[in-house]
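A.B. asks: Handing you this structure, nothing more for now.
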Amino acid sequence: VSSAAAGVAVLDRGAGVWTVKSVGDSTAASHARNTLTFTVQPSIALLPGDGVSVTGLTGAQTDDNATLAVSGPAAEAFGRSGAWLRGPGSLTLTVASGRVVPSASPSLFSIVLVNNALTR
């Protein structure tokens, strides 16, 4: 999975500005399980129902999954799952009821995708 071109955008609240947005991956090995770890900090807190879209995650074998597992310290903010679409390489997360993604500190979450044969 190529995380180099990954972009992060806020949905439902207009164009979001990020104080921090980064992504790292655990391996570039072909056909390997690759843990992608995201760190985000919005300029305004994200509230229940707000969406976050991560795009540009191309080169994964992982099939479409409406409930792809999300882990890490901020996973609860997104209900521990997101909607993964393999074709465009996109992940859509929704802030869960009763949760907030704070603007005062970075939030970290991870997903696992399987790399294809030509990941990099």
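The values are calculated or read from the model by the stated rules, or taken from the named source; none is laboratory data. Because the structure is predicted, anything quoted here is derived from the model rather than measured. Surface areas here come from the heavy atoms of the whole protein model, side chains and all, with no ligands, DNA or RNA. Shrake-Rupley method; radii C 1.70, N 1.55, O 1.52, S 1.80 Å.
A.B. asks: Can you pull the accessible area of Phe38 for me, 1.4 Å probe, Å² to the nearest 10?
C.D. replies: 0 Å²
A.B. asks: Now a separate question. Given axes a ≥ b ≥ c from the Cα gyration tensor, I'd like to know whether the stretch 62-107 is rounded (a/c under 1.5), prolate (a/b larger than b/c) or oblate. Could you put the intermediate results ahead of the total?
C.D. replies: Details: a/c = 2.46, a/b = 2.05, b/c = 1.20.
In terms of gyration-tensor shape, prolate.
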